[in-house]
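The values are calculated or read from the model by the stated rules, or taken from the named source; none is laboratory data. This structure is a prediction, so every number in the text was calculated from the model and none was measured. Quick reminder, even Gly has a Cβ in these numbers, built from the backbone with ideal geometry, and neighbours come from all protein chains shown.
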């Protein structure tokens, strides 16, 4: 294909993927009854298998990850279908670098930012981060999505990058003054619990080693309450973790019974991560 991309072709392709996303969102709204996991299985063998202009490839790959994200938001956090989605990501990763025939020769499929399909899992991390940043998401969708991302992080997908999604959650929940909060603390605690439940060893490891590689400086930044408490190091650190634990402990004493119970359960899991931290290699 010529390196120049016809504007009309790009626009028509964008319209196609917009309609595709609308159909995916409609299917996802059926909750655990949706069949997006089956749709993904079929898409794996069709996506990123033919040579095309990198900008067109970008659109296809973003739509591919969108299907995962909508499925994850709508499958309940404890559904076995969440595990199916993780296995499908692992399968895609294992496909490795894909080559496709051009008029002249075989060429490695690359996105517009030069990532390789599928070995680099192009755009997966950034698309997940963008999805997490949606403050309009319902509490249930947020919890479900983070249960998926925590599962991915626990098996090493995207290295440590996905733990940035957890960092943002923790900062919003425990380092942001209530008057500045965009999402109620009661909506954030269940999502944080997903990380403690599904990725405890990952959290213990990055805490012990202060593993912040691959994380954007904006993600690593401390929130106001944490800075005021005297914590100076952003990112993952045992001092910052201790600050979060104190915040959770205070919430566990709340007069709001449901909120206090959620915080108490989270605190128990955080203590277990503390113990795992001492053993993490």
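Go through (1) surrounded by 14 or more Cβ atoms within 10 Å (Cβ to Cβ); (2) at pLDDT below 95; (3) not in a helix (DSSP H, G or I) one by one and return the number of the condition residue 43 breaks.
In the conditions (1) surrounded by 14 or more Cβ atoms within 10 Å (Cβ to Cβ); (2) at pLDDT below 95; (3) not in a helix (DSSP H, G or I), residue 43 misses (3) alone.
Take region 217-251 and flag every residue that is under 18 Å from residue 182 (Cβ atoms) and under 23 Å from the mean Cα position of the chain (by Cα).
Within region 217-251, 218, 219, 221, 222, 223 meet the criteria.
Taking region 77-113 only, how many residues are over 18 Å from residue 37 (Cα atoms) and either assigned to a loop (DSSP other than H, G, I, E, B) or within 16 Å of the chain's Cα centre (by Cα) (or both)?
Of the residues in that region, 11 qualify.
Residues that are in contact with a helix residue (DSSP H, G or I) (Cβ under 7 Å, 6 or more places away or on another chain): which helices (runs of 4 or more DSSP H) entirely in region 136-244 hold 3 or more of them?
Helices (runs of 4 or more DSSP H) meeting the threshold: 139-154, 163-174, 185-198, 200-209.
Taking region 4-40 as the search range and keeping residues that are touching a residue at least 24 places away in the same chain (Cβ under 8 Å) and outside any helix (DSSP H, G or I), which one is farthest from the chain's Cα centre (by Cα)?
Looking at the filtered set, the residue picked out is 5.
With respect to the numbered conditions (1) surrounded by 12 or more Cβ atoms within 10 Å (Cβ to Cβ); (2) at pLDDT 95 or above, which one is the sole condition not fulfilled by residue 48?
Among (1) surrounded by 12 or more Cβ atoms within 10 Å (Cβ to Cβ); (2) at pLDDT 95 or above, the lone unmet condition for residue 48 is (2).
May I ask you to list the residues in region 46-66 that are in contact (Cβ under 8 Å) with a residue 12 or more places away in the chain and not in a helix (DSSP H, G or I)?
Once the filter is applied, which keeps residues that are in contact (Cβ under 8 Å) with a residue 12 or more places away in the chain and not in a helix (DSSP H, G or I), region 46-66 yields 47, 48, 49, 50, 51, 52, 53.
Taking region 257-273 on its own, how many of its residues are closer than 15 Å to residue 185 by Cα and without any contact (Cβ under 8 Å) to a residue 12 or more places away in the chain?
Total satisfying the criteria: 3.
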